[in-house]
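For reference, the structure discussed in these notes is given below.
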Amino acid sequence: MLEPRPAWPPGWPRVLDEHFGAPRPGAYRQSPEDFQVEENLGFTPQGEGEHLWLWVEKRDMTTAMVARQLADLCQVGPRDVGYAGMKDRVAVTRQWFSVHLPGRATPSDLADRLSNDCVTLLAQARHPRKLKRGVHVGNQFRLRLSGEAVEDPQLEARWAWLCRHGVANYFGPQRFGADGRNLLRAVPLLSKGWRKRDDPQGMLLSAARSYLFNTQLAERIANGSWATLLAGEVAVLDGSSSQFCVDLLDDELLARAERLDLHPSGVLWGQGDSRAQDAARDAECAALASHPALCRGIEHAGARLARRPLRLRLAAPALQRLADGAVWLSFGLPAGAFATSVLRELLDHPTLNFQPPSSKGHQQGAADAPTAAVQ
């Protein structure tokens, strides 16, 4: 039997509270145009092959909704449509899709039939392979903020701190669903034995693993080691999946971590060896000690252990103040990172604090749609 259900909201700490105090209330995503995302694939289609790749702009639609529309228009099954990551619904986003059309020409009227107020086909090309989840390099964000938070004279200082020292790589609130619903549904499912038919997209299993990761990160923020390499740390090279165990913690490695070239990491629980040793392993074990049955349930589900950086570097960050008092933020994040984790350090909003949105009185944000996760 699993331990009692995880409490919600979990109260995971922000990094900047220690330096600047809690952020002031603010608003974001008051319209889809206020939350703009562009996928960075890192390569271009080859120009020939069985798969038609489509560069699509969508507005106020989920990635899954567009994928179903493409399957219907091209008369293929849902599994014949691929994409690299789920993008937020309440946003204007650009991303690639692929459609498997072996021996078939591109539908001549596809652009006209697809394009409407919510979807626009921007470009297309052929490629030999299906677009798989997670193959993209990252996403570029452009976000409009308003409210008391942007009137705070310390906003620029808070932003500069994140640009210099990095951002805590929390899984965003949307991973857990409104009021932590995805996580709380995962607990009994893992207790009785996870089955794919009960969680076909793996959303609940992912929520459980994300919760354990965030718990580790929260513990290291609390003790001040979230951005510091520990003895026995599994360090991750910035902008890469390359990682190595720190056998000897010397000044050079500490300096590389200071300039954001290397990041400490936490474990995404599953079967396998975490590779962490000494102080780093002790930190992992301490953070997970209160959830042994949840860990066993994830192992029995067959998930493979992986690692995730505890910290993010903001790519090409910029802050622009507008005449109306609002602010535009621009920055890039690697695949799998959450823009909401950046915003959480800069403004106070119900959808950013791992809490359920109130029934009224707040602007729509990321947590309003459990599946709306930029990846």
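Yes or no: ARG129 within 30 Å of VAL99 (Cα to Cα) and not in a loop (DSSP other than H, G, I, E, B)? It is false that ARG129 is within 30 Å of VAL99 (Cα to Cα) and not in a loop (DSSP other than H, G, I, E, B). From the list SER191, SER241, which one is part of a helix (DSSP H, G or I) and either of a type in the set (Lys, Arg) or at pLDDT below 95 (or both)? Answer to the check: SER191.
Table: residues versus (1) touching a residue at least 24 places away in the same chain (Cβ under 8 Å); (2) under 27 Å from SER206 (Cα atoms).
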| residue | (1), (2) |
| --- | --- |
| GLU48 | yes, no |
| TRP53 | yes, no |
| MET61 | yes, yes |
| VAL66 | yes, yes |
| LEU73 | yes, no |
| PRO78 | no, yes |
| ASP88 | yes, yes |
| THR93 | yes, yes |
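So which of VAL90, VAL119, VAL81, VAL37 ends up being in the same structural domain as ALA157 (by TED's automatic domain parsing) and touching a helix residue (DSSP H, G or I) at 6+ places or on another chain (Cβ under 9 Å)? Result: VAL37 is the single residue among VAL90, VAL119, VAL81, VAL37 that is in the same structural domain as ALA157 (by TED's automatic domain parsing) and touching a helix residue (DSSP H, G or I) at 6+ places or on another chain (Cβ under 9 Å). The residues of the range 247-270 that are closer than 17 Å to ASP282 by Cβ, touching a Gly at 6+ places or on another chain (Cβ under 9 Å) and either loosely packed, with under 13 Cβ neighbours inside 10 Å or modelled with pLDDT of 95 or more (or both) amount to a single one, ASP247. Hey, does the range 354-369 have a residue that's at pLDDT 95 or above, among the charged types (D, E, K, R) and in a loop (DSSP other than H, G, I, E, B)? Scanning the range 354-369, I find no residue that is at pLDDT 95 or above, among the charged types (D, E, K, R) and in a loop (DSSP other than H, G, I, E, B), so the answer is no.
Criterion applied to ALA208, ALA186, ALA157 was being touching a Gly at 6+ places or on another chain (Cβ under 9 Å), outside any strand (DSSP E or B) and in contact (Cβ under 8 Å) with a residue 40 or more places away in the chain, and the one residue passing it is ALA208. Residues satisfying the criterion are absent from the range 335-343 (criterion: in the same structural domain as VAL37 (by TED's automatic domain parsing) and exposed (fewer than 15 other Cβ atoms within 10 Å of the Cβ)).
With respect to being part of a loop (DSSP other than H, G, I, E, B), outside the structural domain of GLU33 (by TED's automatic domain parsing) and either closer than 24 Å to SER241 by Cβ or at pLDDT 95 or above (or both), GLY103 falls outside the description.
All of ASP261, ASP238, ASP273 fail the test of being of a type in the set (Asp, Glu) and more than 18 Å from ALA306 (Cα to Cα), apart from ASP261.
The values are calculated or read from the model by the stated rules, or taken from the named source; none is laboratory data. Remember, it's a predicted structure, so these values are computed and weren't measured experimentally. Here Cβ is always computed from backbone atoms with ideal geometry, including for glycine, and neighbour counts include all displayed protein chains.
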